[in-house]
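The next block holds one structure in the form of structure tokens; read it before the comments.
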Amino acid sequence: MNAPTARDKTKPKGQPTELGQAIRRRRKAMGLTLDRVAQTTDLTTGFLSQVERGLSSPSLSSLMSIAAALQTSIEKLLSVPEVFTEYVAQDSRQTYSLGTRGRFYEKLGPGFAGALFNPQIVHRPPGHVSEKMCHDGEAFCYLISGRLEYHLGKKVFIMSPGDVVHHDTSVRHFSVVLGDVEAVELWVTTSPINDSGAPTG
């Protein structure tokens, strides 16, 4: 299986400063303080402030939590069309970046409004260390290419192409891209749930 590369795709959208400005505009329009958003998302006010100023880029999971707290979607924050389609051809996938050079996402869904699963192909450059995460939900990762050092609680897994992790995301987890080539990862995660019990993804 030949993994798609960045040059095979259109230029990813959503640079960190633009994303931060969009988050700040939405937060202020809703009359919310950084403290309030931090309490809702379980992120720190310092981290949220850095995201708004374009100094840090959130993980996909954290961005989903921020979007849910602001009662919006990732697509709207990134100005990416929110398209629901059961079939996605390889050459028509939407892509977007969350800031780190060489790190971008290919949307594989959702196929319909209210879907519980969020499938993505994630591209990360050599040496990239993901945000340390711990939140409600479930995650499945299939490593297409590259190598990962995957930390799950006190366990550490060295992943090679074809390896899989599937776990409860309430266990603290993060990963490091090993070697000198990018990692290409297929992720399927559950949507965060809002206070009403409805999926927000």
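So, in the range 151-168, exactly how many residues are touching an Asp or Glu at 6+ places or on another chain (Cβ under 9 Å), crowded, with 17+ Cβ neighbours inside 10 Å and either closer than 21 Å to M64 by Cα or touching a residue at least 24 places away in the same chain (Cβ under 8 Å) (or both)?
0
Which one of these does V171 not meet: (1) aliphatic (A, V, I, L, M); (2) touching an Asp or Glu at 6+ places or on another chain (Cβ under 9 Å); (3) part of a loop (DSSP other than H, G, I, E, B)?
Among (1) aliphatic (A, V, I, L, M); (2) touching an Asp or Glu at 6+ places or on another chain (Cβ under 9 Å); (3) part of a loop (DSSP other than H, G, I, E, B), the lone unmet condition for V171 is (2).
Among the residues of the range 135-145, is there at least one that is crowded, with 20+ Cβ neighbours inside 10 Å and among the polar types (S, T, N, Q)?
Scanning the range 135-145, I find no residue that is crowded, with 20+ Cβ neighbours inside 10 Å and among the polar types (S, T, N, Q), so the answer is no.
Can you work out which of the residues in the range 164-195 that are acidic (D, E) and over 20 Å from the mean Cα position of the chain (by Cα) is modelled with the lowest pLDDT?
The residue in question is D195.
Among residues belonging to the range 41-61 that are at pLDDT 85 or above and hydroxyl-bearing (S, T, Y), point out the one that is nearest to K132 (Cα to Cα).
Selected residue: T44.
Just one of the numbered conditions (1) over 15 Å from E182 (Cβ atoms); (2) of a type in the set (G, A, S); (3) more than 18 Å from the chain's Cα centre (by Cα) is not true of G137; which one?
Going through (1) over 15 Å from E182 (Cβ atoms); (2) of a type in the set (G, A, S); (3) more than 18 Å from the chain's Cα centre (by Cα) one by one, G137 breaks only (3).
As an exercise: evaluate E82 against (1) farther than 23 Å from M30 by Cα; (2) surrounded by fewer than 18 Cβ atoms within 10 Å (Cβ to Cβ); (3) acidic (D, E) and give the number of the one condition it does not meet.
(1)
The values are calculated or read from the model by the stated rules, or taken from the named source; none is laboratory data. A quick note: this is a predicted structure, and the numbers were derived from the prediction, not measured. Counting neighbours? That spans all protein chains shown, and the Cβs are built from the backbone with ideal geometry, glycine included.
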